[in-house]
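Below you'll find the structure, written out as structure tokens, and then a few comments.
Just so you know, all these numbers are worked out from the coordinates, no wet-lab data involved. Treat the numbers as computed from the prediction; the structure is a model and nothing was measured. Using ideal geometry, Cβ is built from the backbone for each residue, glycine included, and neighbour counts are taken over all protein chains shown.
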Amino acid sequence: MAMPDVNECEIQIGGAWRPIGLAEAHARYPSAIKRCPICHGRVSINVNGTAQGGLFLQHRKAHDGCPLMPARFVGEISPHPQAVE
Ligand SMILES: [Zn+2]
């Protein structure tokens, strides 16, 4: 089964959320607060341990209504209980 391919998160710049590529967010805004573009839960950007060195989103708090957490996703999207607005 294919994993969702997520290459973006959202970061808050000057009080507004905007989408940003993971690579750019990781390189330029390492300390900015980041959130999931789908459930708006807070996320971190982690470096994949594989040879490709890919970046991936990790939710700070697990949530079962986000397709970006396929291990827990229940099939229906719902907002994160601790969404960052
Ligand atoms: Zn999410």
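Quick notes on this structure:
- Taking the charge dipole of the chain about its Cα centre, with +1 at Lys and Arg Cβ atoms and -1 at Asp and Glu Cβ atoms, the residue from Ile33, Gly75, Asn7 reaching farthest to the positive side is Ile33.
- Taken about its Cα centre, the chain carries a charge dipole of about 280 debye when Lys and Arg each add +1 at the Cβ and Asp and Glu each add -1 at the Cβ.
- Neighbourhood net charge (14 Å Cβ-Cβ; Lys/Arg +1, Asp/Glu -1) for Asn46: +3
- Working ranking of peptides 55-68, 33-46, 10-23 by packing, defined as the average number of other Cβ atoms within 10 Å per residue, highest first, is 33-46, 55-68, 10-23.
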